[in-house]
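Report on the structure given below.
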Amino acid sequence: MPGTVGRGRSIQSVDDVLALLDQLFDERADRWSERGGTDFWDRFYADRHRPVPFFRAVPDESLVAWHADGRLPLGPGTRVLELGCGPGRNAVWLAQQGCRVDALDLSATAVTWGRERATQAGVDVRFVRTDVLTWRTDRPYDLVVDSGCFHHLPPHRRVSYRALLERTLAPGGHLGIACFAAGHDGRGGTEADDLDLYRAGGLSGGLAYTADELRRSLAGLTEVELRRMRTVTSGDTFGEDFLWAGLFRR
Ligand SMILES: C[S@@+](CC[C@H](N)C(=O)[O-])C[C@H]1O[C@@H](n2cnc3c(N)ncnc32)[C@H](O)[C@@H]1O
C-alpha cells in the first residue's frame, strides 16, 4: 500500500527496502512515473484508436525473424511467458505458432483487450492481470518475452527482474527482449543516471540502456543476438529502431 512502507521502523528486510524505493516513484505516479500502479496504463489503453505504433495487432519483427531463421524454435508444446504483454499482439502471434502462452500485465484494460484479440484470432492465451515481479510458476518456461516492460522498471527492480528470470526461464530456454536503446535523443527513453531518477522521483517515460548496460542487467544469460530493431511502419510486424532487440539463452 502506498504510504505505509517506511512508517516507524518498519524497514527490516531487503524486500522492505525494495518496497520503500518503489514508493519513491509510486507516490509521484500521476506526475512522473510510468510504473506508478495500474492507473497510468489503464488510461494509456483506454482509447484503442490512438495512433500508438504498438497498438497494431502484429508481433515484433525480431521474434518473427528469430523464429524464421531457426534460432527461436516455436511450436506445439513450447511454453511461453510474456511480461508486460499489453493488448497481447506478441502473445496472440505466439499462440498462433502453437505455443502455450501465459501473458501478464498490470493493466486490466490491456488484459481485457488482449483476451478479445485472442478470441477474435481463435487462439488460447492465459492473460493474467498482475505485477510480473510477483509471478511464480511450478514449471519454468521455454521462452520469456518482454517487449517494452523491463525499461519501465525502476533501477532497484533489475535485481528482482533477474530473480524473476531465474525462477521462470528453463535451462536452455530463451529470453526475447525489446528495450529502449541509448543514443536516440530521448526517443528511446531517458539516459539520466540511476541516481538522478531517484532524485527526481520519476522514470521519465522509461529507461534507455546501452548494449553493455543491458548485457550487465541480464548477467548469467548467454547472448545469442543483440541488435537494433528494424523500423517497420506497416505490414505484418512491428519495429522501431530506438529499441534493442535481444535474444538471450539460459
Ligand atoms: C510499452 S508497453 C508494451 C506493451 C506490449 N508488450 C506491446 O509491446 O504491445 C509496457 C507494458 O508493460 C506493462 N508493465 C509495466 N510494468 C509492469 C509490471 N511490473 N508488471 C506487469 N506489467 C507491467 C504496462 O502495463 C504496459 O502494458
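The values are calculated or read from the model by the stated rules, or taken from the named source; none is laboratory data. Here the structure is a predicted model, which is why all the values come from computation and not from measurement. Backbone-built Cβ (ideal geometry, glycine too); neighbour counts: all protein chains shown. Calculation scope for accessible area: heavy atoms of the full protein, side chains included, ligands and nucleic acids excluded. Shrake-Rupley method; radii C 1.70, N 1.55, O 1.52, S 1.80 Å.
Assorted remarks:
- Any hit, the range 103-111, residues being open to solvent by 40 Å² or more (accessible area, probe 1.4 Å) and in a helix (DSSP H, G or I): yes
- Evaluation of D142 against the conditions (1) within 16 Å of the ligand (Cβ to nearest atom); (2) touching a Cys at 6+ places or on another chain (Cβ under 9 Å) shows that the sole unmet condition is (1).
- Filtered by the rule that a residue be farther than 17 Å from T237 by Cα, touching a Leu at 6+ places or on another chain (Cβ under 8 Å) and more than 11 Å from the ligand (Cβ to nearest atom), the range 75-111 gives T78, R79, V80, L81, G98, C99, V101, D102.
- In the range 1-27, the residues that are at pLDDT below 90 reach residues that are aromatic (F, W, Y) with C-beta atoms within less than 7 angstrom, at least six apart or across chains, in these pairs: L24/Y198.
For (1) farther than 19 Å from L207 by Cβ; (2) of a type outside the set (D, E, K, R), each residue gets a yes or a no:
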residue: G77; (1), (2): yes, yes
residue: G88; (1), (2): yes, yes
residue: A91; (1), (2): yes, yes
residue: V125; (1), (2): yes, yes
residue: D131; (1), (2): no, no
residue: F150; (1), (2): no, yes
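- Breaking point among (1) of a type outside the set (A, V, I, L, M, F, W, C); (2) open to solvent by 10 Å² or more (accessible area, probe 1.4 Å); (3) over 21 Å from T134 (Cα atoms), for R167: (3)
- Qualifying residue in the range 83-100 (condition: touching a helix residue (DSSP H, G or I) at 6+ places or on another chain (Cβ under 7 Å), part of a strand (DSSP E or B), modelled with pLDDT of 95 or more and not small (G, A, S)): yes
- Within the range 38-72, restricting attention to residues that are among the hydroxyl-bearing types (S, T, Y) and within 9 Å of the ligand (Cβ to nearest atom), the residue that is surrounded by the most Cβ atoms within 10 Å (Cβ to Cβ) is Y45.
- Scan of the range 80-139 for residues that are on the phi > 0 side of the Ramachandran plot and in contact (Cβ under 8 Å) with a residue 60 or more places away in the chain, ordered by number: G84, G86
- Options R187, R126: the member that is closer than 19 Å to V52 by Cβ, more than 9 Å from the ligand (Cβ to nearest atom), more than 12 Å from the chain's Cα centre (by Cα) and charged (D, E, K, R): R187
- Only one of the listed residues (S204, S160) is within 15 Å of the ligand (Cβ to nearest atom) and open to solvent by 50 Å² or more (accessible area, probe 1.4 Å). That residue is S204.
- Between G148, G114, the distinction of being closer than 24 Å to R71 by Cα and within 12 Å of the ligand (Cβ to nearest atom) belongs to G148 only.
- Of all positions in the range 233-240, at least one carries a residue that is at pLDDT 95 or above, under 23 Å from A57 (Cα atoms) and among the polar types (S, T, N, Q).
- Per-region count, the range 112-138, residues open to solvent by 50 Å² or more (accessible area, probe 1.4 Å) and over 23 Å from R157 (Cα atoms): 8
- In the range 222-239, the qualifying residues are those that are part of a loop (DSSP other than H, G, I, E, B) and in contact with a helix residue (DSSP H, G or I) (Cβ under 7 Å, 6 or more places away or on another chain), and the one that is least open to solvent (accessible area, probe 1.4 Å) is M229.
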